[in-house]
Amino acid sequence: MDTLTGPGVTALAGLGIVAGLALLVRGLDAYRSQVRVSDTSTSTISSIAAGEVRVSGLVEPAELTLISLLQSFPCVYYRAAVGDSGEPATLDQGYTEERSIGFRVRDSTGSLRVFPRGARVDAPVRFQGETGTLGDEPTGLDIRRGGPTRVAEIDRAVAAADLLRVRTPSDWSPLDGIGGRDGRRSYRETRLEPGDAVTIVGRAVPFSDLSDPAGADIGDGTAASLDDPEVAADIAEARAAGTLADDAASAWGNAAIPGFGIGRPVDEPEIDPAANRLPLASPDEAARSTRTFQIAPETLVLAASDEVPLLIAFGEPAAVAERGRMRLLIGLLGAVLAIASAMVFAISVNGGSLA
């Protein structure tokens, strides 16, 4: 029994317990998702009705796309994790950034708008690596230097002007200061990108039923909600004082005109007579802007609710269900590991005896 005693054995047994329980929890969580996917039949988008539904199709961007942190890829969801080199794959002890944004899912019959706030997202690992022993960063690392969002439909004239703009080189990185004493870091990023096949289980509701449509795109919980007591108090105070604008045009002026920010307003803006007049958007551009930014109140959308959580999983239903079964199997093996480690831990603590 001497081989099962000592501080080293005790520490390894403790790690085994933690790792095994973590695998078990992950497996049970995947099993619940697999059951939801398997127990709900797929509906075509053109035939869905209000209520719990399962749809499967391809991701399409809506107004904006996200730019991922570690690879600067356009996406609708990402979770980027950075930690000391050698940390476990979850990297929960380092820096983690998770964001999602509204998108559309399209099947052969049509498209449906998805508001992912509060959703559980099962996305594939797109990038994983760590700093080399000589300080060289892993191939494919392209840390985002600008803002986290980009207009989904890029105007060619605006894009050309942006490419010709002269920028001052910078060594700044949003990850400065993160890493071990030797500066080495581990990286891991999961993403959902335009064109990915996804399976979504959630509640289809009329757009007008969303409690906070303006904040429904935000996946990291950083946006203020209308349910927030402070926000509600500010709104009530503004209403009482008569300073709350009735519409976006009154509140934002020219900024409320679609296309104004990129020099293609759909309506004539109010500007100084001496200023250069902006060219109005073409009828096709104006129609596209209307389709993109205006959602009719009766339009059905997918969103999370208190009764029906929203699940967004990478892949078609059969692949999602199979992935859930495999993760459950790994979770059960984790339970075996935790039990065995607990026995070793008890023997080690008691000096080689279970008594």
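The values are calculated or read from the model by the stated rules, or taken from the named source; none is laboratory data. Given the structure is predicted, the values throughout are model-derived calculations rather than measurements. Virtual Cβ from ideal backbone geometry, glycine too; neighbours counted across all protein chains shown. These area figures cover heavy atoms from the full protein model, side chains too; ligands, DNA and RNA do not enter into them. Shrake-Rupley method; radii C 1.70, N 1.55, O 1.52, S 1.80 Å.
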Response to the item:
Picking from ALA287, ALA303, ALA318, ALA296, the residue that is among the aliphatic types (A, V, I, L, M), within 29 Å of ARG117 (Cβ to Cβ), touching a residue at least 12 places away in the same chain (Cβ under 8 Å) and out of contact with any Leu (no Cβ under 7 Å at 6 or more places or on another chain) would be ALA296
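Here is a yes/no grid of residues against (1) of a type outside the set (Val, Ile, Thr); (2) surrounded by fewer than 16 Cβ atoms within 10 Å (Cβ to Cβ); (3) part of a helix (DSSP H, G or I); (4) at pLDDT 70 or above:
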{"position": "THR3", "(1), (2), (3), (4)": "no, yes, yes, no"}
{"position": "GLY16", "(1), (2), (3), (4)": "yes, no, yes, yes"}
{"position": "GLY20", "(1), (2), (3), (4)": "yes, no, yes, yes"}
{"position": "VAL25", "(1), (2), (3), (4)": "no, yes, yes, yes"}
{"position": "ALA30", "(1), (2), (3), (4)": "yes, no, yes, no"}
{"position": "ARG36", "(1), (2), (3), (4)": "yes, no, yes, yes"}
Worksheet entry | Neighbours by Cβ (under 7 Å, 6+ apart or cross-chain): first from the range 272-283, farther than 13 Å from ASN254 by Cα; second basic (Lys, Arg) | PRO279/ARG264; ALA281/ARG264
Worksheet item: Taking the range 106-133, which residues are part of a strand (DSSP E or B) and basic (Lys, Arg)?
Response: ARG106, ARG113, ARG120, ARG126
Discussion item. Taking the criterion of being surrounded by 19 or more Cβ atoms within 10 Å (Cβ to Cβ) and either modelled with pLDDT under 75 or of a type in the set (Phe, Trp, Tyr) (or both), would at least one residue in the range 323-330 satisfy it?
Written reply: no
Worksheet item: Could you list, in sequence order, the residues of the range 282-304 that are at pLDDT below 85, touching an Asp or Glu at 6+ places or on another chain (Cβ under 9 Å) and of a type in the set (Gly, Ala, Ser)?
Response: ALA286
Worksheet item: For the subset of the range 260-281 comprising residues that are at pLDDT 75 or above and small (Gly, Ala, Ser), which member is least open to solvent (accessible area, probe 1.4 Å)?
Response: ALA281
Response to the item:
Scanning the range 321-347 for residues that are farther than 26 Å from ARG120 by Cα and free of Cβ contacts under 8 Å to residues at least 40 places away in the same chain gives MET343, ALA346
Discussion item. Can you report the number of residues in the range 50-65 which are over 19 Å from the mean Cα position of the chain (by Cα) and open to solvent by less than 60 Å² (accessible area, probe 1.4 Å)?
Written reply: 3
Worksheet item: Within the range 254-285, which residues are hydrophobic (A, V, I, L, M, F, W, C) and part of a loop (DSSP other than H, G, I, E, B)?
Response: ILE257, VAL266, ILE271, ALA274, ALA275, LEU278, LEU280, ALA281
Worksheet entry | Residue under evaluation ALA342, criteria (1) under 17 Å from VAL105 (Cα atoms); (2) out of contact with any Leu (no Cβ under 9 Å at 6 or more places or on another chain), criterion not met | (1)
Worksheet item: Could you list, in sequence order, the residues of the range 296-322 that are more than 27 Å from GLY20 (Cβ to Cβ) and surrounded by fewer than 17 Cβ atoms within 10 Å (Cβ to Cβ)?
Response: ALA296, PRO297, GLU298, THR299, SER305, ASP306, GLU307, GLU316, ALA318
Item to complete: Name every residue in the range 110-151 that is open to solvent by 60 Å² or more (accessible area, probe 1.4 Å) and over 22 Å from GLY324 (Cβ atoms), in order of residue number.
Response: ARG117, GLU130, THR133, LEU134, ASP136, GLU137, THR139, ASP142, ARG145, THR149, ARG150, VAL151
